[in-house]
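Every number here is computed from the coordinates shown, using simple stated rules; none is lab data. As the structure is a computational prediction, the values presented were derived from the model and not from experiment. Backbone-built Cβ (ideal geometry, glycine too); neighbour counts: all protein chains shown.
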Amino acid sequence: MHLDVQDLKKFYYRTGLGRVAQRAVRDQLRDLWPNSKGQTVAGYGFAAPLLRPFIGDARRVVALMPGPQGVMHWPAGQDNMSVLCEETIWPLQTGQVDKLVLMHGLETSENPSALLDECFRVLGPGGRVMFVVPNRAGLWARRDVTPFGYGRPYSLTQLEAQLKRHSFTPERHAAVLFTPPSQRKVWLKWANTFEGFGRRVSSYLAGGVLMVEASKQVYAPKKKGLGVDVRAPLRVLEGARPKPVAGRDASPQR
């Protein structure tokens, strides 16, 4: 079940907790992907809050938003870079994307298997994809006051296993949102402290959100047929006469 784009926009841009979540996930993403110069970067779901730092650095940035969710003009005050699309049919060429981000996309998808296939299609060889999903063991998945309280939460083992089934290679993972999912000012005031401590501990069990990076590895196809080792060249077609064999008459028959 996809949330409405207006509800997502309100949470991330108009609430204190949403701005805390946006900053924590975005900062972690930039730490993992510090360079995107000359690349094509795409986001699916509601990944727009994470994509702004790539504008001006990447060659192209596009925010894909699924039909059941709805679309909004993004980024504000600039030419639009967002597009409404089908969940499993994206208006991107095969192998076009270098970096792909999914947030509020996989856990709310009605057909996650087909969605992962589409992710694999649009990525180029060696391309990277970052999945941002609610942590099954975290507090954020248990509270519906945030968008991470909707859809199917994941454990790290579950998500990596699902990615491997769709030919992705898990590379790295991180956890964010160690802050309690509360709008109370006392918790928001200490949000940076919680995040800093959580990163040092690096316990994905405590984080409210998992970030899993995977790559698309394309291997050379194996040649069909059986290989045959030829120990010596055949000279029959070169005009050479066979040597006589001992015990046999090599003279021509009359």
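Between Leu84 and Gln183, what FRET efficiency comes out of the Förster formula 1/(1 + (r/R0)^6) with R0 = 45 Å and r the beta carbon distance, rounded to 0.05?
0.90
Multiplying the sequence separation of Glu171 and Tyr13 by 0.36 nm and subtracting their Cα-Cα distance, what value in nm do you get?
53.8 nm
Checking the a/c ratio against 1.5 first, then a/b against b/c, what shape does the Cα gyration tensor give for the range 54-104?
The shape class here is oblate.
Can you tell me how the range 1-150 classifies by the Cα gyration tensor, rounded, prolate or oblate, using a/c under 1.5 as the rounded cut?
Rounded shape, in that the Cα axes give a/c under 1.5.
Assuming R0 = 35 Å, can you tell me the calculated FRET efficiency for the pair Thr193 and His73, based on Cβ-Cβ distance, to the nearest 0.05?
0.50
If R₀ is 25 angstrom, what is the calculated FRET efficiency for the pair Arg59 and Arg23, using the beta carbon separation as r and rounding to 0.05?
0.45
Fully extended, how many nm does the chain gain between Arg30 and Asp117 (0.36 nm per residue separation, minus their Cα-Cα distance)?
Between Arg30 and Asp117, full extension yields 28.8 nm more.
Using 28 Å as the Cα-Cα cut-off, could you pick out the over-long pairs in Lys37/Lys189; Lys9/Lys164; Lys10/Lys99?
Lys37/Lys189; Lys9/Lys164
Can you compute the modelled spin-label distance between Gln93 and Arg152, with each label point 7 Å from Cα toward Cβ, in nm?
Placing both labels 7 Å along Cα→Cβ, they lie 3.3 nm apart.
Please tell me the relative contact order of the range 21-63 in percent, rounded to the nearest whole number, where contacts are Cα pairs under 8 Å and at least six residues apart.
44
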